[in-house]
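Following: one structure in structure tokens, then a few remarks.
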């Protein structure tokens, strides 16, 4: 893993200490998860914006209903017992 040094405001540091104390080793995981979530949110916002600029149309959609229909279970062939 790569280490990154980040400076944060005193009030943010106090709130972080309340939910993830440094001595418990939960802080690093908490921060990693927060970064992952923030990056995911940015990606989702980018995707939503792309759809706002160019929405899908019914003509663009392709649906094959057979792909969603349940298939009957495969029949298993039993091996004959040797005599």
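The values are calculated or read from the model by the stated rules, or taken from the named source; none is laboratory data. None of the values given here were measured: they were computed from a predicted structure. Neighbour counts are summed over all protein chains in view; Cβ atoms, including those assigned to glycine, are modelled from backbone coordinates with ideal geometry.
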Of 81, 18, 59, which residue is assigned to a helix (DSSP H, G or I), at pLDDT below 80 and exposed (fewer than 10 other Cβ atoms within 10 Å of the Cβ)? 59
Scan of segment 66-77 for residues that are in a helix (DSSP H, G or I) and more than 27 Å from the chain's Cα centre (by Cα), ordered by number: 66
Can you spot a residue in segment 21-44 that is exposed (fewer than 10 other Cβ atoms within 10 Å of the Cβ), on the phi < 0 side of the Ramachandran plot and part of a loop (DSSP other than H, G, I, E, B)? no
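Out of all the residues in segment 1-15, which are assigned to a loop (DSSP other than H, G, I, E, B) and exposed (fewer than 10 other Cβ atoms within 10 Å of the Cβ)? Let's see the steps before the verdict.
Going through segment 1-15, the residues assigned to a loop (DSSP other than H, G, I, E, B) turn out to be 1-9.
The answer is 1, 2, 3, 4, 5, 6, 7, 9.
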